[in-house]
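*Asks:* I have a structure here, written as structure tokens, and I will follow up with some questions on it.
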Amino acid sequence: MDVGTAKPSAAEQARVPHHLIDIVEPPESYSAGRFRDDALRLATEIHARGRVPLLTGGTMMYFHALRRGLADLPPAQPALRAEIEAQAAREGWPALHAELVRVDPESAKRIDPADTQRIQRALEVFRHTGRALSSFHTPRQAVPALPFESLWISLEPSDRAALHSRIATRFQAMLANGLVEEVTRLRAQHALRATMPSMRAVGYRQVWEMLEGEATRDTLEGRGIAATRQLAKRQLTWLRSMEGLERFDCLRPDLAAAVVDRVAKVNPLRGT
């Protein structure tokens with residue numbers, strides 16, 4: 001999955017070593033817990049070679065898992081997951097979000113009604129255990145400290161209109177670079193379903209719906225841009241709730257120099 005993920009180009013990957021790219025196939029799932037294990041292992045290995053690992057992104061749920069760990073949640077239940085998917089096909093995801101409001105209002109407050117993957121997981125946990133997903137997060141379990149010091153830098157836009165303009169330009173570029181053709185090819189190469197995490201990703205989901213005849217090509221760009229804006233809003237909400245971040249305006253003209261200057265003040269040989 002290259003176009004819709006804005007994956008670093010082959011030239012960029014040749015210039016600087018990248019990790020955790022192309023490690024699973026589109027039909028496979030990849031969890032925040034697995035990311036935490038992989039990221040910590042690689043960061044330790046990179047530091048042992050006298051290099052400084054840079055963890056860039058990204059998805060705030062994964063970032064949160066890296067910093068704070070994850071609750072000890074029950075494993076996935078494929079039969080329940082299929083049952084929830086079938087119910088969603090019959091009744092629609094808004095009905096399932098309404099059910100979540102009844103059984104786990106705390107999780108329902110945090111989960112966007114359009115976030116079908118998290119709605120499904122919360123209902124799956126409730127139906128399997130009889131407990132709300134939110135109950136597994138309180139009190140928070142003790143999490144081992146990260147094995148290194150770290151500098152957390154957040155790049156946030158000061159102008160919402162500029163952010164929306166960049167999002168539109170980015171999605172238009174993805175379409176021009178072959179996003180529809182990429183999804184068509186992936187569908188031919190793999191046994192994919194609309195409910196898989198890879199095909200729920202922003203951009204891929206909208207193209208899938210078009211290819212299935214649930215939407216038109218004329219509306220694809222607008223729906224993809226709108227979904228990306230919703231995703232950006234959720235990520236910014238995460239960022240604003242987090243402590244310990246050093247925040248930089250990503251629209252400032254001297255951004256690169258300012259961040260490089262800040263990082264240069266840290267001694268990497270002490271483990272940062």
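*Asks:* List the number of the failed condition for A95; all other conditions in (1) at pLDDT below 90; (2) part of a helix (DSSP H, G or I); (3) surrounded by fewer than 15 Cβ atoms within 10 Å (Cβ to Cβ) hold.
*Replies:* So the condition that A95 fails would be (1).
*Asks:* If you don't mind, another one. Which ones in the stretch 216-252 are of a type in the set (S, T, Y) and in a loop (DSSP other than H, G, I, E, B)? Break it down stepwise before answering.
*Replies:* We begin by selecting, within the stretch 216-252, every residue of a type in the set (S, T, Y); these are 216, 219, 228, 237, 241.
Passing the criteria: only T216.
*Asks:* Are there any pairs, at least 6 apart or on different chains, whose C-beta atoms fall under 9 Å, with the first in the stretch 159-175 and outside any helix (DSSP H, G or I) and the second among the charged types (D, E, K, R), and if so, which?
*Replies:* D159/D249
*Asks:* Answer yes if at least one residue in the stretch 55-66 is under 18 Å from the mean Cα position of the chain (by Cα), surrounded by 12 or more Cβ atoms within 10 Å (Cβ to Cβ) and either modelled with pLDDT of 90 or more or not in a helix (DSSP H, G or I) (or both), and no otherwise.
*Replies:* Yes.
*Asks:* State whether one or more residues within the stretch 115-123 are over 21 Å from the mean Cα position of the chain (by Cα), part of a helix (DSSP H, G or I) and either free of Cβ contacts under 8 Å to residues at least 12 places away in the same chain or farther than 30 Å from Q13 by Cα (or both).
*Replies:* No, the stretch 115-123 has no match at all.
*Asks:* A further question on this structure: Answer yes or no: is there a residue in the stretch 25-32 that is more than 26 Å from F126 (Cβ to Cβ) and out of contact with any Ser or Thr (no Cβ under 6 Å at 6 or more places or on another chain).
*Replies:* yes
*Asks:* With surrounded by fewer than 12 Cβ atoms within 10 Å (Cβ to Cβ), closer than 26 Å to W238 by Cβ, among the acidic types (D, E) and out of contact with any Lys or Arg (no Cβ under 8 Å at 6 or more places or on another chain) as the only criterion, which of D38, D72 stands out?
*Replies:* Of the residues listed, the single one that is surrounded by fewer than 12 Cβ atoms within 10 Å (Cβ to Cβ), closer than 26 Å to W238 by Cβ, among the acidic types (D, E) and out of contact with any Lys or Arg (no Cβ under 8 Å at 6 or more places or on another chain) is D72.
*Asks:* Still on this structure: When you scan the stretch 113-129, how many residues do you find that are of a type in the set (S, T, N, Q) and over 16 Å from A201 (Cα atoms)?
*Replies:* Total meeting the criteria: 1.
The values are calculated or read from the model by the stated rules, or taken from the named source; none is laboratory data. Quick caveat: nothing in here was measured; it's all calculated off a predicted structure. Virtual Cβ from ideal backbone geometry, glycine too; neighbours counted across all protein chains shown.
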